[in-house]
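*Asks:* After the structure tokens below, expect a handful of questions from me.
The values are calculated or read from the model by the stated rules, or taken from the named source; none is laboratory data. Treat the numbers as computed from the prediction; the structure is a model and nothing was measured. We place every Cβ from the backbone using ideal geometry, glycine too, and count neighbours over all the protein chains shown. Note: accessible area is taken over every heavy atom of the protein model, side chains too, but ligands, DNA and RNA are not part of it. Shrake-Rupley method; radii C 1.70, N 1.55, O 1.52, S 1.80 Å.
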Amino acid sequence: MGSNYSIKYNIDICMVVDATGSMDSLIGTVKNNALTFYDDLTANMARKAKHIDQVRVRVIVFRDYIEDKEPMMASDFFNLPDDSAAFEELLKGIKPEGGGDDEEDGLEALAYAMKSPWNNSGDKLRHIIIVWSDDGTHKLGFGAKSDNYPKKMAKDFEELTEWWGDEDQSGIMNNSAKRLLIYAPEKKYWSTISDSWDKVVHFPSEAGKGLKSLEYDQILDAITNSI
């Protein structure tokens, strides 16, 4: 029994949030859930007799490279609960605005998330990406003509898939630690990812509809059960 208590559970979570104008009805709930996320997760873990040693969370906000002056924002990791005040300040500053069409540049945001500076120390690791969006996403590179488009981005969806990797071929992430949870409609490319990538859970949503408590609980359970 003593050896069980010596296992270190270190969890990194990257929250990828669509912050375009159409997210107005959803983003408030996403932010509120994010603010209580640490407490909710640790309580959920305790109910399953699991203990977390370290939780770090970062946030990536995405819009549209062609339409918006600030198409992408990526924070550092916050070590929770120590950095809770700074995390809360960042979340409260996210405002739903911009986005010129229905689809946005979610795949670029996902690529940023994959390249997070993940923690690889500890006995049991989870590197979890959670995506919230109310629509599909442009093909990767749609906004490449923008002056502020990232230089070292995957060139297309096929390369992004290679970055994720699979059971037979490792990508840029830790293959045993990685998990992807998607809260978005069943539209391209989210459905393609959930159908063809490994270690992905997709919670289909409807455009313009908020995050229900049931769905939030499912996200928490999906994380807890993977640890």
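*Asks:* Can ASP123 be described as in contact with a Ser or Thr (Cβ under 6 Å, 6 or more places away or on another chain) and touching a residue at least 60 places away in the same chain (Cβ under 8 Å)?
*Replies:* The answer is no for ASP123.
*Asks:* Follow-up. Take the residues of region 48-62 that are farther than 25 Å from LYS115 by Cβ and in contact (Cβ under 8 Å) with a residue 12 or more places away in the chain: which is least open to solvent (accessible area, probe 1.4 Å)? So that I can check it myself, show each step before the final result.
*Replies:* So in region 48-62, the residues farther than 25 Å from LYS115 by Cβ come out as 48-51.
Adding the requirement that they be in contact (Cβ under 8 Å) with a residue 12 or more places away in the chain leaves 48, 50-51.
Working: LYS48: 86, LYS50: 58, HIS51: 121 Å².
The extreme case among them is LYS50.
*Asks:* I'd like to check something: does region 135-151 contain any residue that is of a type in the set (Val, Ile, Thr) and more than 23 Å from HIS202 (Cβ to Cβ)?
*Replies:* No, every residue in region 135-151 fails to be of a type in the set (Val, Ile, Thr) and more than 23 Å from HIS202 (Cβ to Cβ).
*Asks:* Here's another thing I want to ask about it. Taking the stated definitions as given, is GLU70 open to solvent by 70 Å² or more (accessible area, probe 1.4 Å), over 15 Å from VAL17 (Cβ atoms) and not hydrophobic (A, V, I, L, M, F, W, C)?
*Replies:* In short, no.
*Asks:* In region 176-197, what residues are in a loop (DSSP other than H, G, I, E, B) and without any contact (Cβ under 8 Å) to a residue 24 or more places away in the chain?
*Replies:* Answer for region 176-197, where residues must be in a loop (DSSP other than H, G, I, E, B) and without any contact (Cβ under 8 Å) to a residue 24 or more places away in the chain: just GLU186.
*Asks:* Would you mind listing the strands (runs of 3 or more DSSP E) fully within region 1-100 where at least 1 residues are over 16 Å from the mean Cα position of the chain (by Cα) and among the aromatic types (Phe, Trp, Tyr)?
*Replies:* 9-18
*Asks:* Within region 89-106, identify whether any single residue is at pLDDT 85 or above, surrounded by 17 or more Cβ atoms within 10 Å (Cβ to Cβ) and closer than 20 Å to ARG179 by Cβ, and answer yes or no.
*Replies:* We begin by selecting, within region 89-106, every residue at pLDDT 85 or above; these are 89-95, 105-106.
Next, from what is left, pick out any that are surrounded by 17 or more Cβ atoms within 10 Å (Cβ to Cβ): 90-91, 94, 105-106.
Narrowing the set further to residues that are closer than 20 Å to ARG179 by Cβ leaves 106.
Yes, the conditions are met somewhere in region 89-106.
*Asks:* Run SER75 past the list (1) surrounded by fewer than 17 Cβ atoms within 10 Å (Cβ to Cβ); (2) of a type in the set (Ser, Thr, Tyr); (3) in contact with a Gly (Cβ under 6 Å, 6 or more places away or on another chain) and report the number of the one that doesn't hold.
*Replies:* So the condition that SER75 fails would be (3).
*Asks:* Something else now. Can you name the condition, by its number, that VAL201 falls short on among (1) in contact (Cβ under 8 Å) with a residue 40 or more places away in the chain; (2) aliphatic (A, V, I, L, M); (3) closer than 16 Å to CYS14 by Cα?
*Replies:* Looking at each condition in turn, VAL201 falls short on (1).
*Asks:* Return the total of residues in region 198-227 being surrounded by fewer than 17 Cβ atoms within 10 Å (Cβ to Cβ), at pLDDT 80 or above and part of a loop (DSSP other than H, G, I, E, B).
*Replies:* 1
*Asks:* Condition first: open to solvent by 100 Å² or more (accessible area, probe 1.4 Å) and in a loop (DSSP other than H, G, I, E, B). Now tell me which residues in region 154-168 satisfy that.
*Replies:* LYS155, GLU167, ASP168
*Asks:* Next up: Go through LYS115, LYS151 for me and flag whichever is open to solvent by 30 Å² or more (accessible area, probe 1.4 Å), among the charged types (D, E, K, R) and modelled with pLDDT under 95. Walk me through how you get there before you give the answer.
*Replies:* Details: LYS115 fails: modelled with pLDDT under 95.
Checking each option against the conditions leaves just LYS151.
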